[in-house]
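The values are calculated or read from the model by the stated rules, or taken from the named source; none is laboratory data. This one's a predicted model, so the numbers in the text were calculated from it and none came from an experiment. Quick reminder, even Gly has a Cβ in these numbers, built from the backbone with ideal geometry, and neighbours come from all protein chains shown. Heavy atoms of the whole protein, side chains included, go into the accessibility calculation; ligands, DNA and RNA do not. Shrake-Rupley method; radii C 1.70, N 1.55, O 1.52, S 1.80 Å.
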Amino acid sequence: MTATTTPARHGPSGTDEMQGDVTGFVLQVNGSKEFSLYITGDTVFYEGVLEVAKRFDPDYVFIFAGAAKPKGPFNVTMDTNDAIDTAFCFPRARIIPLHHEGWSHYTEGAEVLATAFSVLDIGSRLMILEKGQPTRLKFS
């Protein structure tokens, strides 16, 4: 397995010093069943996500969603628009939102994502995990 750190940004431009450094990861497994995963980390959609899309073609993209706003009016994780932009950057990948429930600073839940993906007719690409339940991921 190979692990590659990827760029991430915890909020809009200009908030880096306030929000702190973050990173994402691409995990690639080579062998009889090759696959890769992109874990965005605490990031919003920005040019760093586009850089990852140019270099990698993951089977699954784990997005940190929820439009978290722990420090002021800024999203520090992806909102629904960011999730959709990410989905279109990785057209082959299943999108799995994480990090979108359980704390009061999340402003969007899974139902908002599901509705938006459905409206755009890409709902089959969204995979909402059931809390506390193992989920098998399929790889080609």
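Please list, or write none, the aspartates and glutamates whose alpha carbon is within less than 13 Å of the alpha carbon of Lys69, excluding same-chain residues fewer than 8 places away.
Partners within reach: Asp42, Asp79, Glu101, Glu108.
Lys33: which lysines have alpha carbons under 30 Å from its alpha carbon, excluding same-chain residues fewer than 8 sequence positions away?
List returned: Lys54, Lys131, Lys138.
Determine the equivalent ellipsoid of the chain by diagonalising the alpha-carbon gyration tensor, then write out the semi-axes as square roots of 5 times the eigenvalues, largest first, rounded to whole Å.
One finds semi-axes of 23, 19, 14 Å for the chain.
Write out the trypsin sites (Lys or Arg not before Pro) in region 14-73 meeting two conditions: DSSP loop, and at most 15 other Cβ atoms within 10 Å of their Cβ.
Passing both the DSSP loop test and the Cβ count: Lys33, Lys71.
Work through the residues other than Lys138 whose Cβ is under 12 Å from its Cβ and net out their charges, Lys, Arg +1 and Asp, Glu -1.
For residues surrounding Lys138, the net value is +2.
What is the extension gain from Thr107 to Cys89, computed as 0.36 nm multiplied by their sequence separation minus the C-alpha to C-alpha distance, in nm to one decimal?
Residue separation times 0.36 nm, minus the Cα-Cα distance, leaves 4.1 nm.
Mind ranking 73-79, 95-101 by how tightly packed they are, going by the mean number of other C-beta atoms within 10 angstrom, highest first?
73-79, 95-101
Work out from phi, with θ = phi - 60° and the Karplus expression 6.51 cos²θ - 1.76 cosθ + 1.60, the ³J(HN,Hα) of each residue of region 121-133, listed in order in whole Hz, and give x for Gly and Pro.
6, 10, x, 5, 8, 8, 10, 8, 7, 8, 3, x, 10
For region 55-134, just the Cα set please: Rg and Dmax, both in angstrom.
Rg, Dmax (Cα atoms, Å): 12.4, 35.
Counting only heavy atoms of protein chains, what accessible area per residue, in Å², does the chain have with a probe of 1.4 Å?
Accessible surface, normalised per residue, equals 55 Å².
Of all accessible surface on region 5-87 at a 1.4 Å probe, what whole percent is carbon and sulfur?
Roughly 50 percent, rounded to a whole number.
How many percent of Cα pairs in region 18-68 exceed 15 Å?
Roughly 50 percent, once rounded to a whole number.
Once the Cβ-Cβ distance between Ala3 and Asp121 is put in as r, and R0 is 25 Å, what FRET efficiency do you end up with, to the nearest 0.05?
It comes to 0.15.
Please state the relative contact order of the chain as a whole percent: Cα pairs under 8 Å, 6+ residues apart?
Dividing the mean separation by the residue count of the chain yields 20 percent.
How compact and how long is region 62-108, expressed as Rg and Dmax of its alpha-carbon atoms in Å?
Rg and Dmax of region 62-108, Cα atoms, are 10.9, 35 Å.
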